[in-house]
Amino acid sequence: MREREGGKTFQWVSGIVLTIGGLLFLLPFIWMILSSFKPEGEIVQIPPNLWPKTFTMSNFNYLFENMNFGVYLRNTLIIVLFSFAGLLLNAVAGFGFAKYDFKGRNALFVLVLATMMIPSQVTMIPVYLILNSLGLTNTMTGIVLPGLVGAFAIFLFRQFMSTIPTELLEATRLDGASEYRIFLQIALPISKPILAVQAILTFIAGWNSFLWPLIIANDESLYTLSVGLSLLKGQYAANFGLQMAGATFMVAPVIALFTYFQKHIIENFSISGMK
């Protein structure tokens, strides 16, 4: 009886400690989001107030009307959409390495893994020179093309799809299904958990793309939100309202997407565990 009471007490104390820690972790984000709706004078007032006395959208309006954040948003969304198309290419490559036996498969997969040991900063110069020789610098194609496929994503899909029973795929082939149908209707639905994980990683990478667009693009009309936020920090360093609004606009979609896909990750891992 005492052990049960001790266990319940420990659970309550752990829950309280984790709740306090979570609130402390969320406090800067809450402050940032609420401050983006405050007038500038209210942000710097002493003592500070968490909740805005006067809600205003002027900070966000200024970003889109005077800072070209609408153009930056369009470019970022284009990169994200093509990154999701690349996610399908990574899944196809992972499925091929996992379920097809062809000559040189293992050597090719080791070569793919070897590229993960090379820092991306090292490959930027040769990739830039290749794209420059093709006339793709300062173009959206040059920004999107190098990020379509990645060794890490191929590795994750290959490892997960290796667990799919080969008998299931053979039975589907005996029923007359084509290889495309097997991939789209069998392999992809089973790989839903890893798709959710990769969707989050892909979106974050595309949404926060900064260094490569800054290098490959000379035209401001090709800049992304991260580059725009950096320009905002340099040009309006003393305007905290604009910086809070820009940071909120960058962070909020990532939090929303992670919250949505987190449910699918937990749900599918639970189902996999029961199986």
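The values are calculated or read from the model by the stated rules, or taken from the named source; none is laboratory data. These numbers come from a predicted model, not from an experiment. Here the Cβ is made from the backbone with ideal geometry for all residues, glycine too, and neighbour counts use every protein chain on show. All accessible areas refer to the heavy atoms of the entire protein, side chains included, with ligands and DNA or RNA removed. Shrake-Rupley method; radii C 1.70, N 1.55, O 1.52, S 1.80 Å.
Remarks
- Whether region 77-140 is rounded, prolate or oblate, judged on the alpha carbon gyration tensor where a/c under 1.5 counts as rounded: oblate
- Shape parameters for region 1-96, alpha-carbon atoms, Rg then Dmax in Å: 23.2, 67
- Accessible area, probe 1.4 Å, largest first, for residues Lys103, Lys53, Lys8, Lys38: Lys103, Lys53, Lys8, Lys38
- Local net charge near Asn106, Cβ-Cβ under 15 Å (Lys/Arg +1, Asp/Glu -1): +3
- The calculated FRET efficiency for Leu50 paired with Ile255, based on their beta-carbon distance and R0 = 22 Å, is about 0.75.
- Largest GNM mean-square fluctuation among Ser83, Ser226, Ser133, using the chain with Cα springs under 10 Å: Ser133.
- For Thr172, the accessible surface of its heavy atoms amounts to roughly 30 Å² (probe 1.4 Å, protein chains only, rounded to the nearest 10).
- P(r) weight above 19 Å for region 166-247, C-alpha pairs, percent: 61 percent
- Distance histogram for region 77-218 (every C-alpha pair counted, 5 angstrom bins, percent rounded to whole numbers): 2, 9, 17, 18, 18, 14, 10, 7, 3, 2, 0
- Per-residue accessible area (protein heavy atoms, 1.4 Å probe) orders Val44, Val127 as Val44, Val127, starting from the largest.
- Kirkwood Rh in Å, taken over the chain so that all alpha-carbon pairs contribute: 22.4 Å
- The order of Trp51, Trp212, Trp207 by accessible area, most exposed first and with a 1.4 Å probe, is Trp51, Trp212, Trp207.
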